[in-house]
Amino acid sequence: MTPTTTSDVLIIGGGLSGLSLALALIDNASELTVAVVEPRTRYQDDRTWSFWGPVHHRMDSLVSHRWSRWCFGLADNDPRTIDYPSMPYQSIASIDFYRHAADRIGASDKVTLYLGEAIEHCEKRCDTEGSSWRAHSPDHEFNARVVIDTRPPPTEQFLTSTLYQCFVGDVIDITDGFDPACLELMTDMASDAHGLSFTYCLPFSPHQALVEITRFSPHPVDWAVLEDDLQALKARRGWLDAPIQRTERGQLPMGMAPRQATDSGYVYAGTSAGGLRAATGYGFWRIQRWAQHCAASLDADMTPLAHPPEPKIQGWMDGLFLQVLRHHPKRAPEFFFRLYQRVRADVLVRFLSDQSSAIDKLKVVLSLPKRPFLAILFKR
């Protein structure tokens, strides 16, 4: 007989979004029972989440490194540096987050994590006691009052994106040479047939760093192209023979329409539902804010919350910016260089971290060339 589990909340997907919601419910001392179902059999150190944030916050114990300075620059030019200690750039290794979540869930009598279980279908059922949801994996049945689906976007949704942020990176060791006080946010900026490319380098110590090649492209870039780019980068910097500790890679949708459910008892969350900022790909703190609000709503009246709609002005600006990048790929390095060069650090950080005021947004607009933006705007 297939084992059956009944809970108040079913979270499909135990990645960043699913585990963040589970942690928020635990933090709230919720009495709701929760099942988190994840197809992976074990977690690996496969990615790094980065963000600008205050020095102290509720996840600061997981932060592996902070940088108050970052640099940017065009290919074949010396990079320029921005210093802003009030809101440092921070990184969390995925394995540290996964272990923290697994430990908290393991100590909870309300939340259970089911690894190695992939939900194949989920249907709503109604009876005299009300409505509920029944989900099936090959070896298990899960019944719940509400469902939060955090699985990645399906292919047909993913391919609606305006641009794709594609990257491959290695954590490498060298004898010496990294400056752990300053990260390379967007250096070596250039453009070719695949779109904008740049270097992203997070130095964790003088001897170790995550070295990554990133592209903003109108199409998903083949892994072989990105691997060649990364090897070329390491050859230029003299890192070609450096030992590799681990590799991470990804393809993030930029400007993809969020997935929406038609039933109030079933919501989508995470990347498929607006968890990432369209113009940047940043999502860690957006997902944390959503998890807090969703947990509070579930506790209050069992109403799951999807990600809130993008603020109208910000959504409009991001959409326009992505269209300009798509139609003017050769000028993309210029656009980003001007943005970093002309916008004050505090304004830039607020804009990139979803905290900008109307004045901040105006300053960002004024930093960019007007003609390509007006041309795209009047074509709409």
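The values are calculated or read from the model by the stated rules, or taken from the named source; none is laboratory data. Because the structure is predicted, anything quoted here is derived from the model rather than measured. Neighbour counts are summed over all protein chains in view; Cβ atoms, including those assigned to glycine, are modelled from backbone coordinates with ideal geometry. Just so you know, the surface numbers come from the protein's heavy atoms only, side chains and all, with ligands and any DNA or RNA stripped out. Shrake-Rupley method; radii C 1.70, N 1.55, O 1.52, S 1.80 Å.
So, in the range 354-380, of the ones that are under 15 Å from PHE336 (Cα atoms) and of a type in the set (A, V, I, L, M), which residue ends up surrounded by the fewest Cβ atoms within 10 Å (Cβ to Cβ)? Checked the range 354-380; the qualifying residue surrounded by the fewest Cβ atoms within 10 Å (Cβ to Cβ) is LEU366. Screening PHE351 with (1) open to solvent by less than 10 Å² (accessible area, probe 1.4 Å); (2) within 24 Å of ARG289 (Cβ to Cβ); (3) in contact with a helix residue (DSSP H, G or I) (Cβ under 6 Å, 6 or more places away or on another chain) gives one miss only, at (1).
Taken over the range 101-131, the criterion of being open to solvent by less than 80 Å² (accessible area, probe 1.4 Å), farther than 14 Å from ALA22 by Cα and in contact (Cβ under 8 Å) with a residue 60 or more places away in the chain is satisfied by LEU115, GLY116, GLU117, ALA118, ILE119, CYS122, SER131. Name the residues in the range 58-74 that are assigned to a loop (DSSP other than H, G, I, E, B) and either surrounded by 14 or more Cβ atoms within 10 Å (Cβ to Cβ) or touching a helix residue (DSSP H, G or I) at 6+ places or on another chain (Cβ under 6 Å) (or both), would you? Within the range 58-74, MET59, SER68 qualify. Among the residues of the range 155-176, the ones that are outside any strand (DSSP E or B) and not acidic (Asp, Glu) come to 9 in all.
Filter the strands (runs of 3 or more DSSP E) completely within the range 75-154 down to those with at least 2 residues that are closer than 30 Å to VAL63 by Cα and at pLDDT 95 or above.
Working: elements: 80-83, 89-93, 111-115, 121-127, 130-137, 140-149.
Per the criteria, 80-83, 89-93, 111-115, 140-149.
Residues that are in a helix (DSSP H, G or I) and either more than 17 Å from the chain's Cα centre (by Cα) or without any contact (Cβ under 8 Å) to a residue 12 or more places away in the chain (or both) within the range 10-55 comprise ALA22, LEU23, ALA24, LEU25, ILE26, ASP27, listed in sequence order. Looking at the range 237-251, can you tell me whether even one residue there is open to solvent by less than 20 Å² (accessible area, probe 1.4 Å), at pLDDT 95 or above and closer than 15 Å to ALA193 by Cβ? No; the residues of the range 237-251 include none that is open to solvent by less than 20 Å² (accessible area, probe 1.4 Å), at pLDDT 95 or above and closer than 15 Å to ALA193 by Cβ.
Which one of ALA332, ALA345 is over 22 Å from ARG215 (Cβ atoms) and touching a residue at least 40 places away in the same chain (Cβ under 8 Å)?
On the way: ALA332 fails: over 22 Å from ARG215 (Cβ atoms).
Answer to the check: ALA345.
Name the residue that is farthest from GLY116 (Cα to Cα), counting only residues in the range 147-160 that are among the aliphatic types (A, V, I, L, M) and out of contact with any helix residue (DSSP H, G or I) (no Cβ under 7 Å at 6 or more places or on another chain).
The selected residue is LEU159.
Filtering PRO54, PRO3 for residues that are under 20 Å from ASP139 (Cα atoms) and either of a type outside the set (A, V, I, L, M) or surrounded by fewer than 19 Cβ atoms within 10 Å (Cβ to Cβ) (or both) leaves a single hit, PRO3.
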